[in-house]
Amino acid sequence: MVFGVAMLVAALVAIGRLMPSGGYDGLRMGDESMAPSSPRGAALWYELCGAERVHRGDVVVLSTGQPAGAVGVGGRVVAVGGDRLSYQVGDRTLMLNGNPLAEPYLPPGSRPSVVAFDVQVPEGRVVALGDNRAVAYDHDFPNGRPGTFNTADIRGRAVPKPNWLLVAAGAISLGVLLTLVGGGLGLSALIARRRRHPTPAQPAYTTLGSERAPADGC
């Protein structure tokens with residue numbers, strides 16, 4: 001029982017220290033726009049957070065607005081407010097603020113863009129593109145140029161599967177089970193001990209010592 005309580009407490013402490021303030025959520029990819037890192041049907045875990053925790057290279061989850069509260073994968077952030085992002089046909093990379101942008105997550109042999117463009121990202125907005133640019137083109141390039149997202153629509157950023165959380169949840173379940181089993185065994189042992197050594201029955205009443213009769217003549 002003591003071991004179960006200790007395991008339960010340790011798991012709760014670990015969750016309290018490691019769990020981000022917003023918690024985690026997950027969704028499944030509905031297309032190939034983020035292949036090969038997250039192909040269709042792949043589970044995507046994300047930390048619930050705002051734009052303050054998002055950086056270039058992060059895959060963001062955005063509010064879609066329809067229906068209320070719905071979210072979807074917006075893509076990978078390649079530029080933030082104040083950045084200049086461009087591409088010329090034939091270039092091997094996108095250009096970010098005049099420098100080549102390394103994108104090791106792109107499908108092997110693919111082009112970084114389907115069309116040429118040159119955009120200045122307004123403050124308070126980000127450019128987020130699918131890793132599979134050919135598949136994500138219609139979504140990511142409205143009017144033939146990268147679209148931008150309002151940072152207020154960011155609902156989270158993708159993170160590796162939080163296996164530690166699953167382990168902690170298992171430890172909590174095991175701790176509760178051990179605590180219940182230990183408590184049950186302790187109660188059973190107490191009942192058995194009382195049956196082996198019953199408490200002597202107390203009389204329903206007590207007798208008083210007899211009083212001496214007074215001597216004759218007194």
Identify, from the list Ala128, Ala116, the residue that is surrounded by 13 or more Cβ atoms within 10 Å (Cβ to Cβ) and closer than 21 Å to Met34 by Cβ. Ala128
Of the candidates Tyr105, Tyr137, the one satisfying the condition of being part of a loop (DSSP other than H, G, I, E, B) and either surrounded by fewer than 18 Cβ atoms within 10 Å (Cβ to Cβ) or touching a Ser or Thr at 6+ places or on another chain (Cβ under 8 Å) (or both) is Tyr105
Looking at the stretch 140-174 only, could you name the residues that are closer than 24 Å to Pro39 by Cβ, at pLDDT 85 or above, charged (D, E, K, R) and not in a helix (DSSP H, G or I)? Arg155, Arg157
Taking the stretch 35-75 on its own, how many of its residues are within 17 Å of the chain's Cα centre (by Cα), charged (D, E, K, R) and assigned to a loop (DSSP other than H, G, I, E, B)? 1
Residue list for the stretch 109-130, filter: assigned to a loop (DSSP other than H, G, I, E, B) and either in contact (Cβ under 8 Å) with a residue 60 or more places away in the chain or of a type in the set (D, E, K, R) (or both): Arg111, Glu123, Gly130
Within the stretch 96-153, work out how many residues are more than 12 Å from Gly75 (Cβ to Cβ) and aliphatic (A, V, I, L, M). 11
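On the basis of being at pLDDT 95 or above, surrounded by fewer than 17 Cβ atoms within 10 Å (Cβ to Cβ) and not hydrophobic (A, V, I, L, M, F, W, C), does Glu123 make the cut?
Spelling it out, Glu123 is indeed at pLDDT 95 or above, surrounded by fewer than 17 Cβ atoms within 10 Å (Cβ to Cβ) and not hydrophobic (A, V, I, L, M, F, W, C).
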Select from the stretch 76-102 the residues that are charged (D, E, K, R) and either assigned to a strand (DSSP E or B) or over 28 Å from Leu44 (Cα atoms) (or both) and list them in ascending order. Arg76, Arg84, Asp91, Arg92
Specify the residue that is nearest to Asp131 (Cα to Cα); the eligible residues are those in the stretch 27-68 that are of a type in the set (Gly, Ala, Ser) and loosely packed, with under 15 Cβ neighbours inside 10 Å. Gly57
Does Pro198 satisfy the criteria of being at pLDDT 70 or above, of a type outside the set (Gly, Ala, Ser) and loosely packed, with under 10 Cβ neighbours inside 10 Å? no
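The values are calculated or read from the model by the stated rules, or taken from the named source; none is laboratory data. Nothing here was measured: the structure is a model prediction, and the numbers come from that model. Backbone-built Cβ (ideal geometry, glycine too); neighbour counts: all protein chains shown.
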